[in-house]
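K.L.:
One structure, as structure tokens, below. Some questions next.
Read-outs: derived from the displayed coordinates by stated rules, not from any lab. No experiment lies behind these values; they were computed from the predicted model shown. Cβ coordinates were reconstructed from backbone atoms using ideal geometry, including for glycine residues, and neighbour counts include every protein chain displayed.
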Amino acid sequence: MTDIAYKVRNGSRFPVGISLTEDGANFCIFSRHASQVELLLYENISSQFPFQTIRLDPVHNHSFFFWHVFVENLPAGTCYTWRIEGFNDTAETGRMFFPHKELLDPWALSVSNVGWNRQVACQSESSGGGMRAIVVDTSATTEYTPFTWLEGDGLNGAIIYEMHVSGFTLHPSSNVQHPGTFSALKEKIPYLKELGITHVELLPIMAFDSQDVPKNVADRGLSNYWGYSTHSYWAPHPEYCVDISHAVREFREMIDAFHDAGIKVIIDVVFNHTAEGGNGGPVINFKGMFNEIFYHLDAFDRRNYLDFTGCGNTVNCNHPIVSTFIVRCLEYWVETMGVDGFRFDLASVFTRGELGVPMSTPPLPWAIEFSKTLSNIPLIAEAWDAAGLYHVGAFPGIAWSEWNGRYRDVMRRFVTGEHGLIGEVASRLTGSADMYKNDCRRPNNSINFVTCHDGFTLNDLVSYNFKHNDHNGEDNRDGSNDNLSWNCGHEGETEDQDILRLRRKQAKNFIAILMLSRGVPMLLAGDEVLRTQKGNNNAYCQNNEISWFDWSLVEKNSDILRFTREMIAFRKRHPSLTSNHYFSGDQSKSQHEVPDITWYDKDLQKPDWSDPESQMLACTIARVSADEQDIHVIFNMSETDIEVKLPLISGRSWELALDTSRPSPLDIKPFPASIPVNDGYKVEKRSIVVLETVDLMPQ
């Protein structure tokens, strides 16, 4: 333990949190009703006792609702916690203070969870649980490439890849130096680059409580793997670091490596609830500093938390202090950490005002959108919450994109063989204008996806009719029962080659539909190699081979990987698919004097959109640039082969681009040789065919 006692000065209330200068460190926290505050300094993350405890003067170290102190010559790497006293009147006001507990700085830029014990921290008589903040010198980030942003770039042409930082490299087959870390992820960037990914969307990387699972789940040795249990919004998750003391540096080096490869990074953020849970949950930071402000509390007994998230508490997002906290935090991750965009978990919580009542014009979404720093980056909302709010197609704000849950559902139903969906399928394929156009939004407001971390993987979507979550320790009660899946004739693993071929075809159908749709496609990591979770559709607690990316599948399922890679390349070479404008169907809008999109049935007639039995749909999409080709797409999700007529386009003929019924490598270009097609094509049952025009040589 050091014998040094650092000199202190009054300090400043700006900036909030910790700021390190050449002269020392300024500490500041917000706690409106605190009566006494102490700062505890530790030499390092393993120190048993603080080497200095600084009791703040209520006059000189207190400005308005902020408590602050400047510690001279304090070095980076020092650890610290807070102790706060105040008057508890929980039933009336919701104020809670725990003078014996050590609290984590909500504005901490780096944290350690060495010694953290959630069960101990949940006990009211405990002193805390082990987490400490670390003094960080953020000026070190200037060693790396400064953050830049191409204004207006947004999500045009984006291919998003949703992935778990740790799970992408933890499998023994990953062959990386530091499995499960930000550093290891850099080694896999060439794979993503070759696949054609433009944006990675990382599951939560802000510091979270990996011990936040139900007791019966924890008793099985399981943990919070996904990370939707944030406690420190400004700090990288320590378990993803090789060296916790270099957390900021390691994260920035990963970001810079992605940027050097031309890939942008979106992070999944969880501002709807925190790791502190509800009644009986641990006191980590917010509960012990400004509980009555940060959380929605019951109007009649403010000791109780309102839970619109299914996680025990709900962040009071539209309180001015909380809104400012969130906006400044997001700006920090962009300006200092180099992040390129955000996906917001359970974002409908952002629309809840006092007592959780939904607001027509909630301040927070607009404050985020109007921030100068955030105004030109992707803002993606999971536009629902766990208490019934559903804002898909109607999330407040204009620039916000949304996870399009309606797209996911109708495409699953269509590919599994449900009848009478062609009208809605056409709407989703063309950018969901019925949901966004009247509100001045565009196709890129729709994040199209078939699978995501929450639910079945693509392999399991075509292999299971029912969830199989027994390994989670909750008697298979957790996870959705409504998966809109089809096992192709057998539940789970099988050696039946006919079923396996059908499953591969169905997987290719989903990938093809995703890449043929206007809007922004999002692919779940591992779907391109048919990663399986053995039917587990809620693997939030499975930090093991159930969830990890098995790199041996890259070779085993190379045919699906090749199809996905070529399908992404196909999308990229067709601006008609990536355009951020809606189809008009108007001949005057096309450079080639044909409608930009024309819909057909098998006989080249207009489809009967109201046909309750229809499972087939076709369309011709006109090229929008001189070096592009027109394409004709045929979807046949019926149980019978269909002979389909092809439209004639003057001066051009048709050539096969892809057919999901064909074996690899004949299923998608580049073929060994071109395959010309005349005026008709036989489309096999449950398959998708795409043809491209070829300009005829002049006679």
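K.L.:
Using the Cα gyration tensor of segment 583-695, with a ≥ b ≥ c the square roots of its eigenvalues, what is the shape: rounded (a/c below 1.5), prolate (a/b larger than b/c) or oblate (neither)?
P.N.:
oblate
K.L.:
Strictly over 26 Å apart at the Cα level, which of 193/437; 505/572; 437/505; 437/602; 186/534; 264/372 would you flag in this model?
P.N.:
193/437; 437/505; 437/602; 186/534
K.L.:
Then there is this: About the Cα centre, and with charges only on the beta carbon of Lys, Arg (+1) and Asp, Glu (-1), how big is the dipole of segment 8-140? Nearest 20 debye, please.
P.N.:
220 debye
K.L.:
Using only the Cα atoms of segment 526-585, what are the Rg and Dmax in Å?
P.N.:
My reading of the Cα-based Rg and Dmax gives 16.5, 50 Å.
K.L.:
Below 9 angstrom from the Cβ of residue 39, what's the summed charge of the other residues (Lys, Arg +1; Asp, Glu -1)?
P.N.:
+1
K.L.:
Show me 30-42, 113-125 ranked by packing, highest mean number of other Cβ atoms within 10 Å first.
P.N.:
In descending order of packing, they fall as 30-42, 113-125.
K.L.:
Give the average over all directions of the projected area of the C-alpha convex hull of segment 242-315, one decimal, in nm².
P.N.:
Answer in nm², one decimal: 7.0.
K.L.:
Just want the ordering: 355, 202, 604, from fewest to most Cβ atoms lying within 10 Å of their own Cβ.
P.N.:
If I rank by nearby Cβ atoms, fewest first, I get 355, 604, 202.
K.L.:
How big is the chain by the Kirkwood estimate over distinct Cα pairs, in Å?
P.N.:
Kirkwood hydrodynamic radius for the chain: 27.0 Å.
K.L.:
Through the Karplus equation 6.51 cos²θ - 1.76 cosθ + 1.60, θ set to phi - 60°, convert the phi angles of segment 412-424 into ³J(HN,Hα) values in whole Hz; use x for Gly and Pro.
P.N.:
For segment 412-424, the Karplus-derived couplings read 5, 5, 5, 5, 6, x, 5, 8, x, 10, 4, x, 6 Hz, x marking Gly and Pro.
K.L.:
Follow-up question, since we're still on this one. How do 68-74, 164-170 rank on mean C-beta neighbours within 10 Å, highest first?
P.N.:
164-170, 68-74
K.L.:
Can you tell me how segment 8-140 classifies by the Cα gyration tensor, rounded, prolate or oblate, using a/c under 1.5 as the rounded cut?
P.N.:
Oblate is the answer for segment 8-140, as a/c is 1.5 or above yet b/c matches or exceeds a/b.
K.L.:
Moving on to the next point. Could you tell me the relative contact order of segment 232-310? Use alpha-carbon pairs under 8 Å, at least six residues apart, and round to a whole percent.
P.N.:
Relative contact order here is 16 percent.
K.L.:
What share of the DSSP beta bridges in the chain is antiparallel, in percent to the nearest 5?
P.N.:
About 75 percent, rounded to the nearest 5.
K.L.:
Only four residue types carry charge here, +1 at the Cβ of Lys and Arg and -1 at the Cβ of Asp and Glu. Report the dipole size of segment 243-354 about the Cα centre in Debye, rounded to the nearest 20.
P.N.:
260 debye
K.L.:
If contacts are Cα pairs under 8 angstrom and at least 6 residues apart, what is the relative contact order of segment 8-140 in percent?
P.N.:
The value is 27 percent.
K.L.:
Let me ask you something else. Output the relative contact order of the chain, whole-number percent, from Cα pairs under 8 angstrom with separation of 6+ residues.
P.N.:
10 percent
K.L.:
Provide the packing ranking of 396-404, 278-286, 520-528, i.e. peptides ordered by the mean count of other C-beta atoms within 10 Å per residue, highest first.
P.N.:
Ranked from most to least packed, the peptides come out as 520-528, 396-404, 278-286.
K.L.:
Moving on. Where the only charges are on Cβ atoms (+1 Lys, Arg; -1 Asp, Glu), what is the dipole of segment 583-695 about its Cα centre, to the nearest 20 debye?
P.N.:
160 debye
K.L.:
Rounded, prolate or oblate, given the Cα gyration tensor of segment 274-344, with a/c below 1.5 counting as rounded?
P.N.:
The shape class here is prolate.
K.L.:
Moving on. How large is the helix-only mean residue ellipticity at 222 nm for the chain, computed as the sum of -39500 (n - 2.57) over DSSP H runs with n ≥ 4, divided by its residue count, in deg cm²/dmol to the nearest 500?
P.N.:
-5500 deg cm²/dmol
K.L.:
Can you give the net charge of the other residues whose Cβ lies under 13 Å from the Cβ of residue 601, counting K and R as +1 and D and E as -1?
P.N.:
-2
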